[in-house]
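A quick write-up on the structure given underneath.
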Amino acid sequence: MKQISILGSTGSIGTQTLEVVRENHDLEVTALAAGRNAALLEAQAREFRPKLVALEDEAAAGDLRVRLKDTDIRVLSGMDGLLAAATEPEAQVVVTAVVGMIGIRPTIAAIRSGKDIALANKETLVTAGHLIMPLAKEKGVRILPVDSEHSAIFQCLGGEAGNRISRILLTASGGPFRGKTREELMAVRPEDALKHPNWAMGHKITIDSSTMVNKGLEVMEAGWLFGVGVDDVQVVVQPQSIVHSMVQFEDGAVMAQMGVPDMKLPIQYALFYPERRQMSGERLDFWTLGSLDFEAPDFENFPGLSMAYEAGRTGGTMPTVFNAANEWAVAAFLGGRIAYPDITQIIGEAMARHKTKEKPELEEILQTETEVYHFLEDRW
């Protein structure tokens, strides 16, 4: 029996992780943490019977305590609750599926507790990779990628230890606005940007995918996961989302991982690595697929991607600025405060005014995030 804790259990990755648990009876959930959805977390708690559950929002946690008063499940709240879920003593693997930089502290705590990390919180490595990766090595902890692209790269590198990577080919669908001009993007509404052509995801990552900012975050994440520079990661648009990513080696050979767009595959692979197991669902059929398309990304009309490369090259606190400005801008767009093209304009403004600090400690990273938020609240 393998015990797991899930941070972000009511979100897209969290709920799909629980689908994997339903299909594999040798997985046991010991802790669940979420934001404020008390009703869904109650249902999950009653089905999976974890030892503790946590909600970020204290009022929602109070509601959940009342809902679960007939059980012996502990109900916690805030960052203390998230940290408790991340370090639950019996958990062997922690699935980090929370959205945003709130995932940094619990990920560090889980690593210090000796837990393997099934990583679906890319912001952790984007902003604190220089802290996370050495700590994981020190503690003998495995960082197992859950993002479909990084899982694909991880799978392509299996059995290739010692062989030099020439470059990583990180695929992108291009999102719902592939081929659109900046002028056409001016009219985009939140409901338009939330219609991803291939993947069903949460609101924030769906917006990020439409702006290509998500791919920029993944470029920086790939650098930390696989020990390469951001300029060794080439983004390739693959509209069908069948080729999840590729690795080119120094002899020119390219290894690719393919499959239908289904996040349960990388989730299950991370939970049972290196074992592959039967999984229900659609299978890739090359007879009906017919062809695959590949394109270069549109850096001109989707400048968030080039900004991500700039942030990754600069390093230090600059990736935190990129990420924090994007988080603020996406929330503002979804709230109707700004236009769609303003998202990347805001990121650019925040980066332009920032004086980078090299090798920041955790508190400096979190302080940088706060400073970006304050600047943007005043500016916009």
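With respect to Lys69, determine if the residue is open to solvent by 70 Å² or more (accessible area, probe 1.4 Å), basic (Lys, Arg), more than 23 Å from the chain's Cα centre (by Cα) and within 26 Å of Val141 (Cα to Cα).
No: the conditions fail for Lys69.
Please give the number of the condition Gly252 fails out of (1) at pLDDT 95 or above; (2) in contact with a helix residue (DSSP H, G or I) (Cβ under 9 Å, 6 or more places away or on another chain).
Failing condition for Gly252: (2).
For the subset of segment 247-260 comprising residues that are open to solvent by 50 Å² or more (accessible area, probe 1.4 Å) and under 26 Å from the mean Cα position of the chain (by Cα), which member is farthest from Ser280 (Cα to Cα)?
Across segment 247-260, the extreme among qualifying residues is Val254.
Can you pull out every residue in segment 72-107 that is touching a residue at least 60 places away in the same chain (Cβ under 8 Å), polar (S, T, N, Q) and surrounded by 21 or more Cβ atoms within 10 Å (Cβ to Cβ)?
Thr96
Select from segment 173-187 the residues that are open to solvent by 30 Å² or more (accessible area, probe 1.4 Å) and either of a type in the set (A, V, I, L, M, F, W, C) or touching a Pro at 6+ places or on another chain (Cβ under 8 Å) (or both) and list them in ascending order.
Listed by number, the residues that qualify are Pro176, Arg178, Arg182, Met186, Ala187.
Restricting attention to segment 342-369, which residues are within 30 Å of Leu185 (Cα to Cα), among the acidic types (Asp, Glu) and within 22 Å of the chain's Cα centre (by Cα)?
Glu369
Just need a number here: residues in segment 264-311 that are more than 30 Å from Ala187 (Cα to Cα) and part of a helix (DSSP H, G or I).
Result for segment 264-311: 13.
Can you pull out every residue in segment 108-154 that is among the basic types (Lys, Arg) and crowded, with 19+ Cβ neighbours inside 10 Å?
Selection gives Lys115, Lys122.
Please find, within segment 92-121, the residue that is farthest from Gly216 (Cα to Cα) out of those that are in contact with a strand residue (DSSP E or B) (Cβ under 9 Å, 6 or more places away or on another chain) and among the charged types (D, E, K, R).
Lys115
Condition first: out of contact with any Lys or Arg (no Cβ under 6 Å at 6 or more places or on another chain) and open to solvent by less than 10 Å² (accessible area, probe 1.4 Å). Now tell me which residues in segment 25-43 satisfy that.
Once the filter is applied, which keeps residues that are out of contact with any Lys or Arg (no Cβ under 6 Å at 6 or more places or on another chain) and open to solvent by less than 10 Å² (accessible area, probe 1.4 Å), segment 25-43 yields Val29, Ala31, Leu32, Ala33, Ala38, Leu41.
Show the residue pairs that are 6+ apart or on different chains and have beta-carbon atoms under 7 Å apart, the first residue being within segment 9-24 and among the polar types (S, T, N, Q), the second being modelled with pLDDT of 95 or more and in a helix (DSSP H, G or I).
Matching pairs, first to second residue: Ser9/Leu18; Ser9/Leu41; Ser9/Gln44; Thr10/Leu40; Thr10/Leu41; Gln16/Lys264; Gln16/Ile267; Thr17/Ile267.
Can we say Gly335 is exposed (fewer than 11 other Cβ atoms within 10 Å of the Cβ), under 24 Å from Thr181 (Cα atoms) and free of Cβ contacts under 8 Å to residues at least 60 places away in the same chain?
So Gly335 fits the description; yes.
Assess whether Met318 counts as being touching a residue at least 40 places away in the same chain (Cβ under 8 Å), open to solvent by 10 Å² or more (accessible area, probe 1.4 Å) and on the phi < 0 side of the Ramachandran plot.
No.
Mind listing whichever residues of segment 338-380 are open to solvent by 60 Å² or more (accessible area, probe 1.4 Å) and among the polar types (S, T, N, Q)?
Listed by number, the residues that qualify are Gln345, Gln367.
So which pairs qualify, if the first residue must be in segment 283-307 and more than 24 Å from Met263 (Cβ to Cβ), the second must be part of a loop (DSSP other than H, G, I, E, B) and of a type in the set (S, T, N, Q), the Cβ gap must be under 6 Å, and the two must be at least 6 apart or on different chains?
Close Cβ pairs (under 6 Å, with a partner that is part of a loop (DSSP other than H, G, I, E, B) and of a type in the set (S, T, N, Q)) amount to Asn301/Thr181.
State all residues of segment 155-172 that are open to solvent by 20 Å² or more (accessible area, probe 1.4 Å) and not acidic (Asp, Glu); if no residue qualifies, say none.
Selection gives Gln155, Leu157, Gly158, Gly159, Ala161, Gly162, Asn163, Arg164, Ile165, Ser166, Arg167.
To keep it simple, each residue is scored yes or no on (1) surrounded by fewer than 21 Cβ atoms within 10 Å (Cβ to Cβ); (2) over 17 Å from Asp298 (Cβ atoms).
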| site | (1), (2) |
| --- | --- |
| Arg189 | yes, yes |
| Asp192 | yes, yes |
| Pro197 | yes, no |
| Ile205 | no, yes |
| Asp208 | no, no |
| Ala222 | no, yes |
| Val236 | yes, no |
| Ser245 | no, yes |
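Kindly provide the set of residues from segment 357-375 that are in a helix (DSSP H, G or I) and either of a type in the set (Gly, Ala, Ser) or farther than 14 Å from Val126 by Cα (or both), ordered by number.
Of everything in segment 357-375, those that are in a helix (DSSP H, G or I) and either of a type in the set (Gly, Ala, Ser) or farther than 14 Å from Val126 by Cα (or both) turn out to be Glu363, Glu364, Gln367, Thr370, Glu371, Val372, Tyr373, His374, Phe375.
The values are calculated or read from the model by the stated rules, or taken from the named source; none is laboratory data. The structure displayed is predicted, hence computed values, not measured ones. Cβ atoms come from the backbone with ideal geometry, glycine included; neighbour counts cover every protein chain shown. The protein model used for the area step is the full one, side chains on, heavy atoms only, and it has no ligands, DNA or RNA in it. Shrake-Rupley method; radii C 1.70, N 1.55, O 1.52, S 1.80 Å.
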